[in-house]
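Student: Pasting a structure below so you can have a look.
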Amino acid sequence: MTALAMQPWGNYAVALAASVECLRVSPWTRRATTPETLRLGVEASPESACLPFKACTGHFIKAAMEGVEYGVMVNSRGTCRLRYYREAHQKILDERGWKLRIFGLGYDGIKPPLIRHFDPDPIPFLQCCARAQQKTLAVDALEREVWRVRAIEANRGDATRAMEACLADLDRARTVREIRACARTFAPRFAAVPTDSRRVPLRVGLVGEATLLRDRFLNHNLEEQLGGLGVEVSNFFLLGDEMRNIFRIGFFSRNSRWTLRRIARPYLDALVGGHALESVAHTLRCAREGFDGIVHVAPIGCMPEVSVRPILQRIARDTGMPTLELSFDEHTSSVGLTTRLEAFTDVLRQRRERRA
Amino acid sequence: MWNIGTRWLRGRTGGAAGFAASSQEPIGLPLALYAYLHPGLWQAFFEGLGCPVVLSGSTDAAMLERVGLVSETEHCLPAKLLDAHMDALIGRVGRVFVPRILSLKRGYIACPKFGALPDAARARFGDRLAVLSVELDENREPLRTSLVRFARALGASGPAARTASERALAAWADACADDEKETAGAGRRYLLAGHPYLVNEPWFSEPVVRGLTRLGARVERMRFDRAPAPDGPLRWDTSAIMRDTLADLDARRYAGVIQLSSFGCGCDSIAERHFREAARERGLPYMLLRLDEHAGEAGMRTRLEAFVDTIGSRLP
Ligand code: SF4
C-alpha cells in the first residue's frame, strides 16, 4: 500500500494516522523527531533555517529512505517563513534524488491538493474526518489529564505510563463510538494513579511556537521535566482548538482567535503571524487566572515569536508573573536547560511562599 | 485564510491608535528600519501638520553599542537598531512614531516583524515615550488614504490632512529621485542589493561603497520604487522586489551583485536561494555580505577586493 509521511505532532500522531485511512494509504509518522532525523535534517538544510524546518526536512528524508512516496505538511498562508517550507523541503528532497512528493495542507481552490490527488469517496472520507476529529479531542483530554497527574504522582513515570496505555487503546479504537468509549476511560485510569496529595503543584503555562510545544525531542521533554519538578503545565497548543480556529467554528469559544485577540489587545493589536498572538493572549490570561509562571518556547530566530518577546517581558513586569524564555536550536544543551528549569521553579516556589 | 474573520474588525479598530497629545508637541522619529521604507515621508508628514520633528541621529559606533543594552538579542540587526534609535530619543521627546506595517505592496505582505513594531515599542519604552502609530496595509487601503486617516485622527482638518499627506508623498518621491540622480551615468557597475534599511543606511552601505570606489568600481544601490511582478516565488514585499530586480538585471550594464543581509534575518534565510538563482540566471557574479554588530571593515575590504578581482579578470 502507498505510504504517506506526516510530521511528528506529538501524541496527535494517533489522530493524524486515523485521518488518512480513507485515502487508502498507510500513515507513516513518529510522535517526535529522533536524533537520526534531526541529524539528517541539519545536514541537508541551509544553516540559517529554523529548528522546525531542519527537523521536518530530516523527517521527510528518513521517510523517503524507507520508501515512502508521499508526504503531507501544514503550510500556512500566514506571514512567517512556514509558507515557503513545503516548497523548500521538496526542493531539498529533489536535489538529493529522493522521490517523495509533499502535499501542503493549505487550500488552493476548493479542495486541498492532497484530497484532489487521492480522491477519496465522499462518505468514507467524512466518516474518517469524524473519527480523526474525535481522536484529536480525545488526545486533548488525555494531555490535560497527564499534565495534572504528572505533577503530583507518587511514583515518577506513572502518569506517562498511563498515558501510553491510553494512547495504545485509542489507536486501536475504530469507530466514533469506540473512540468516545475509550476517551471515557481516561479519567478513571488517571484517578487510579497513586498521588501524593500533600503536594501543591506550581501552575505554569507553556506558550510559543507550535512545533516546539509538541515535539518532545526538540523541546527536550519540557513537559516531563517540569512535571518532575512538581509543575502542573498547561501547554497551550492543543490541536483540537487549533482545528476549530482553522475552520472557524466556535467564534466565541474560549480559545478562538477572536477571543484571544480581544484579550491581547491592550498589549498587541495585530495578528503578527505564527502563534505570536496566542503567546501574548495566553500569557495575559494565565496572569489573570493566577498561574505561577510562563515558559515561552521558540526556535532561535523565529520571527513572530521573537517580535513579541518584549511584550511578554512587559506583561511579566506589569503582572509580576515570572516568564522564562527558552530558545532552541540543534545545539541546545539538555543540561543547561534542566538547570534553567530548576532555577525557574525555585523562583516560582519562593514567590509563592512570599505571597502566602 | 486566518485573517478573514478579523479583517472587518481591523477595519474598525486598526489604524491610528494611540494619539492623544496635541499636534504641536514635538515627535521623535527613529532613523532606522521603517524610516528607510519611506525616506523623507514621515518628516514631511509631521511637519506638514505643524508638528516639530526630532530625529534620532545617525547610526554610529555608540548607537551599535546601545543595541546590546536595549534590544532583544535574537532580533535581526535592523530591528535591534530601531530599539537603539528609540532609546536615543528618550529625554529629548515625549513621544515617538512607529507605524504598524502589514503590507507595502498590494498582494504582498511585510516581514512579520513589522506587524508588532508599535506594540513592542510600547512594551519596551511605554513608560518613557508615548508611541504614535498608524497601520499601513496596502491590501486594505492605499498609503495615501492611510496618511489622510492618520492626520485626521491626529486632529487635522480634512483639507489640512490632505495637504500634509500630499506633501509627504511628494517628499518621498523627491528622496527617491535624488537616489536616481546619484546612480545615473554610463559604464558597468556593481549593484548593492539588500533591504532598504541596509542598502540606504550609511553605516552599513558606505564602507562597501567606499571599498568599491577605491578599487575603481562604480556602485549603484538597489531601488524599491517598483512593484513586484505578480506570481513570483516570494510573498514578502521587499524580498519580492529584491528578487525581481535581480531577475531583471541587464548583464551588459552590471558587473556583479553584492548582497547585504543582516544576521538573523528570517526572510533572507528563505529568499537568499532565490536571489542567488536570479543573479546566476542573469549571468552575474553574486556575493553575500552578512552584517552583524561586530562586522569589521577590514575583513569586508578583503572580500570585496577578491570579488572585484575575479570579476575584473573576467571582463572582456
Ligand atoms: S526582513 Fe529581515 S532584516 Fe528586515 S525586519 Fe524582517 S527579519 Fe529583519
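Every number here is computed from the coordinates shown, using simple stated rules; none is lab data. Given the structure is predicted, the values throughout are model-derived calculations rather than measurements. Glycine also receives a Cβ, built like all others from the backbone with ideal geometry; neighbour counts cover every protein chain displayed.
Student: Can you give the angle from 0 to 90° between the axis of helix A:51-65 and the longest principal axis of chain A, with both taken from C-alpha atoms, to the nearest 10?
Tutor: 40 degrees
Student: Could you check how many percent of all C-alpha pairs in chain B are farther apart than 25 Å? Show your work: numbers first, answer last.
Tutor: Details: 25807 of 49770 pairs.
Percent of Cα pairs beyond 25 Å in chain B: 52.
Student: Please work through chain A and write down the cysteines that have no neighbouring cysteine Cβ at a distance under 4.7 Å.
Tutor: Isolated Cys, chain A: A:Cys50, A:Cys56, A:Cys80, A:Cys129, A:Cys166, A:Cys182, A:Cys286, A:Cys302.
Student: Also: To the nearest 20 debye, what is the magnitude of the charge dipole of chain A about its Cα centre, counting +1 on the Cβ of each Lys and Arg and -1 on the Cβ of each Asp and Glu? Mind dumping the intermediate values first?
Tutor: Values: 52 positive and 41 negative charges, 206 e Å.
In total the dipole reaches around 980 debye.
Student: Let me ask another. With +1 on each Lys and Arg Cβ and -1 on each Asp and Glu Cβ, how big is the dipole of the stretch A:3-119 about its Cα centre, in debye rounded to the nearest 20?
Tutor: Details: 16 positive and 11 negative charges, 42 e Å.
It works out to roughly 200 debye.
Student: Also: For chain A, what relative contact order do you get, as a whole percent, if you take Cα pairs closer than 8 Å and at least 6 residues apart?
Tutor: 16 percent
Student: Angle, helix A:176-191 long axis vs. longest principal axis of chain A, Cα atoms, 0 to 90°, nearest 10?
Tutor: 30 degrees
Student: Using the Kirkwood radius over Cα pairs, work out the Stokes-Einstein diffusion coefficient for chain A at 10 °C and 1.306 mPa s, in µm²/s as a whole number. Working shown, then result.
Tutor: Numbers: Rh = 21.2 Å.
Answer, rounded: 75 µm²/s.
Student: In Å³ and rounded to a whole number, note down the convex hull volume per residue for the Cα atoms of the stretch A:199-356. Write down the numbers at each step before the final one.
Tutor: Numbers: hull volume 17.8 nm³, N = 158.
Convex hull volume per residue, Cα atoms: 113 Å³.
Student: Any idea what diffusion coefficient the stretch B:136-279 gets from Stokes-Einstein, in µm²/s, Kirkwood Rh on alpha carbon pairs, 20 °C, 1.002 mPa s? Don't skip to the end; give the middle numbers.
Tutor: On the way: Rh = 17.2 Å.
Roughly 125 µm²/s, to the nearest whole number.
Student: Right, here's the next one. With labels modelled as points extended 7 Å from the Cα through the Cβ direction, what inter-label distance (nm, one decimal) is found for A:Asp121 paired with B:Leu215?
Tutor: So the two model labels end up 6.8 nm from each other.
Student: For a quick size check, give me the Cα extents of the stretch B:211-290 along its three principal axes, largest first, whole Å.
Tutor: Answer, in whole Å and largest first: 37, 29, 23 Å.
Student: Using the Cα atoms as the points, what is the convex hull volume per residue of the protein assembly as shown in Å³? Walk me through the intermediate numbers first.
Tutor: Details: hull volume 112.7 nm³, N = 672.
Spread over its residues, the Cα hull of the protein assembly as shown gives 168 Å³ apiece.
Student: Now for a separate question. Given a cut-off of under 8 Å on Cα pairs at least six residues apart, what relative contact order in percent is computed for the stretch B:102-202?
Tutor: On the way: 57 pairs, mean separation 18.4, N = 101.
This gives 18 percent for the stretch B:102-202.
Student: Now, a different point. Multiply the residue gap between B:Asp60 and B:Arg162 by 0.36 nm, knock off their C-alpha separation, and tell me the result in nm, one decimal place.
Tutor: 33.1 nm
Student: If one computes P(r) from the Cα atoms of the stretch A:195-243, what percent of pairs lie at distances over 16 Å? Write out the running numbers ahead of the final one.
Tutor: Values: 511 of 1176 pairs.
Pairs farther apart than 16 Å: 43 percent.
Student: Where Lys and Arg each count +1 and Asp and Glu each count -1, what net charge lies around B:Glu297 among other residues with Cβ under 12 Å from its Cβ? Walk me through the intermediate numbers first.
Tutor: Values: positive: B:Arg210, B:Arg214, B:Arg301, B:Arg303; negative: B:Glu206.
Surrounding charge for B:Glu297 is +3.
Student: Just rank B:Glu281, A:Glu305, A:Glu224, fewest to most, by other beta-carbon atoms within 10 angstrom. Don't jump to the answer; show the numbers that get you there.
Tutor: Working: B:Glu281 11, A:Glu305 30, A:Glu224 18.
By the 10 Å Cβ count, ascending: B:Glu281, A:Glu224, A:Glu305.
Student: Number of Lys-Lys pairs in the protein assembly as shown under 30 Å by Cα, sequence gap 8 or more or different chains?
Tutor: 22
Student: If you place +1 on the Cβ of every Lys and Arg and -1 on the Cβ of every Asp and Glu, how big does the dipole about the Cα centre of chain B come out, in debye to the nearest 20? Mind showing how you got there, number by number?
Tutor: On the way: 41 positive and 38 negative charges, 118 e Å.
About 560 debye.
Student: Ok, one more. Can you tell me the relative contact order of the stretch B:129-252? Whole percent, Cα pairs under 8 Å, sequence separation 6 or more. Provide the component values of the computation, followed by the final result.
Tutor: Working: 84 pairs, mean separation 21.0, N = 124.
It rounds to 17 percent for the stretch B:129-252.
Student: Between A:Arg351 and A:Met243, take the C-beta separation as r, use R0 = 60 Å, and let me know the FRET efficiency to the nearest 0.05.
Tutor: Values: r = 36 Å, r/R0 = 0.60.
For A:Arg351 and A:Met243, the calculated efficiency is 0.95.
Student: Would you report the distance distribution of C-alpha pairs in the stretch A:97-242 as whole percents per 10 angstrom bin, up to the bin with the largest distance?
Tutor: 10, 31, 31, 18, 8, 1
Student: Same structure, new question: Helix A:303-319 versus the longest principal axis of chain A: what angle, 0 to 90°, nearest 10, using Cα atoms?
Tutor: Helix A:303-319 and the main axis of chain A meet at about 20 degrees.
Student: Can you give the FRET efficiency for A:His331 and B:Glu47, using 1/(1 + (r/R0)^6), R0 = 45 Å, r = Cβ-Cβ distance, to the nearest 0.05?
Tutor: On the way: r = 49 Å, r/R0 = 1.10.
In this case the efficiency is close to 0.35.
Student: Run the paramagnetic zone check for A:Arg156: 7 angstrom along Cα to Cβ, then residues of the stretch A:323-356 with backbone nitrogen under 18 Å.
Tutor: Counting backbone N atoms under 18 Å from the label point, the list is A:334-346.
Student: Mind pulling up the Rg/Rh value for the stretch A:269-356? Radius of gyration and Kirkwood radius, both on Cα.
Tutor: Numbers: Rg = 13.7 Å, Rh = 13.9 Å.
Ratio value, two decimals: 0.99.
Student: Suppose only helical runs count, i.e. DSSP H with n ≥ 4. What mean residue ellipticity at 222 nm does that imply for the protein assembly as shown under -39500 (n - 2.57) per run, divided by all residues and rounded to the nearest 500 deg cm²/dmol? Kindly include the intermediate steps, with their values, before the conclusion.
Tutor: Details: 27 runs with 338 residues, N = 672.
The helix contribution divided over the protein assembly as shown gives -16000 deg cm²/dmol.
Student: Stokes-Einstein D for the stretch A:3-119 at 20 °C, 1.002 mPa s, Kirkwood Rh over Cα pairs, in µm²/s? Intermediate results must be reported in sequence, preceding the final value.
Tutor: Values: Rh = 14.3 Å.
Result for D is 150 µm²/s.
Student: Moving to a separate point now. Report, in cubic angstrom per residue, the convex hull volume of the C-alpha atoms of the stretch B:54-174. Walk me through the intermediate numbers first.
Tutor: Numbers: hull volume 15.0 nm³, N = 121.
Hull volume normalised by residue count: 124 Å³.
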